[in-house]
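In what follows, a structure is listed as structure tokens, so that the remarks can point back to it.
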Amino acid sequence: MTAGTNFFNYCPSCSSTNFEYNNNFKFYCYDCDFVLYHNIAATVALVFTFDNKILFTVRNVDPDKGKLDLPGGFIDPNETAEEAACREIAEELGLKIKPSDLKYITTSPNNYLYKNVAYRTLDIFYECRLTNDAITINAKDEIQQLVWLKRDAIDLDAIGFISIRKVIQDHYLIN
Ligand SMILES: [Zn+2]
């Protein structure tokens, strides 16, 4: 058992404490044979670009409250990644975009600790070019602030999630 990831105290099926939960991934109960996979979750992240600038959000919720993030979120069951991207952008920014506006960039794994449960995600990155930088916050509970940063003025340490830091560094940074 990895420290900090033991959020099961008992088997959810038979209440036994005789189980293994290796690598925060596969739960197995030796007493009743119950198996539960804590699979990775898929998310989308959007890189909005305008001129030489990239749009970042400032998170208003943990994990990484106060750190820079990209707009996006978890993909719902039965949703495509592109549908999730358009839905999240409408929810967070009140902006209507279409799947054809999205250019696939890459994927990057992340860790997401929420209320002491460690989720592992695979973040799917899309770029969306905008024709102006007039964007407002729709979901003020989730987003404190929007900031447009020039590609030569991005501080990687201000970015919360390792997946986003990596993709910005590999694909967008100009030094
Ligand atoms: Zn059991």
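The values are calculated or read from the model by the stated rules, or taken from the named source; none is laboratory data. Note that this is a predicted model, so its numbers are computed, not measured. Here the Cβ is made from the backbone with ideal geometry for all residues, glycine too, and neighbour counts use every protein chain on show. When the accessible area is computed, the model is the full protein with side chains, heavy atoms only, and any ligands, DNA or RNA have been set aside. Shrake-Rupley method; radii C 1.70, N 1.55, O 1.52, S 1.80 Å.
When both bridge partners sit in the chain, DSSP labels roughly 75% of those beta bridges antiparallel. Computed with a 1.4 Å probe over protein heavy atoms only, the accessible surface of the range 41-171 comes to 52 Å² per residue. Between ASN23 and ASP64, the contour length at 0.36 nm per residue exceeds the Cα-Cα span by 12.5 nm.
Helix 81-93 and the long axis of the chain differ in direction by around 70°, with both axes built from C-alpha atoms. Evaluating 6.51 cos²θ - 1.76 cosθ + 1.60 at θ = phi - 60° for every residue in the range 19-27, the Karplus couplings come out as 9, 10, 9, 6, 6, 6, 9, 10, 8 Hz, glycine and proline recorded as x. Note on ASN52 and ALA158: the model spin-label points, each 7 Å out from Cα along the C-beta direction, lie 1.7 nm apart.
Out of all Cα-Cα pairs in the chain, roughly what percent, to the nearest whole number, are more than 27 Å apart? Taking all Cα-Cα pairs of the chain, the fraction more than 27 Å apart is 33 percent. Of all the accessible heavy-atom surface of the range 41-171, with the other protein chains kept in place and a 1.4 Å probe, what percent is carbon and sulfur? Reported share for carbon and sulfur atoms: 48 percent. Panel values: the range 2-65, Kirkwood radius from alpha carbon pairs, Stokes-Einstein at 10 °C and 1.306 mPa s, translational diffusion coefficient 104 µm²/s. How far is helix 162-171 tilted off the main Cα axis of the chain, in degrees rounded to 10, range 0 to 90? The angle comes out near 40 degrees.
Net charge in the neighbourhood of LYS103 (other residues with Cβ under 12 Å of its Cβ; Lys, Arg +1, Asp, Glu -1) is -2.
Modelled spin-label separation between GLN169 and LYS150, with each label point placed 7 Å from Cα along the Cα-to-Cβ direction: 2.3 nm. Compare the Cα positions of ILE124, PRO71, LEU146 along the charge dipole of the chain (+1 at Cβ of Lys, Arg; -1 at Cβ of Asp, Glu; about the Cα centre) and return the one farthest towards the positive end. Positive-most Cα among the choices belongs to LEU146. Using a Gaussian network model of the chain in which every pair of alpha carbons under 10 angstrom is joined by a spring, one finds that among ASP51, ASP33, ASP62 the greatest mean-square fluctuation is at ASP33.
Applying a 4.7 Å cutoff between beta carbons, the unpaired cysteines of the chain are CYS86, CYS128. Placing +1 on each Lys and Arg Cβ and -1 on each Asp and Glu Cβ, with no other charges, gives the chain a dipole about its Cα centre of roughly 300 debye. Here TYR126 sits with roughly 10 square angstrom of accessible surface, probe radius 1.4 Å.
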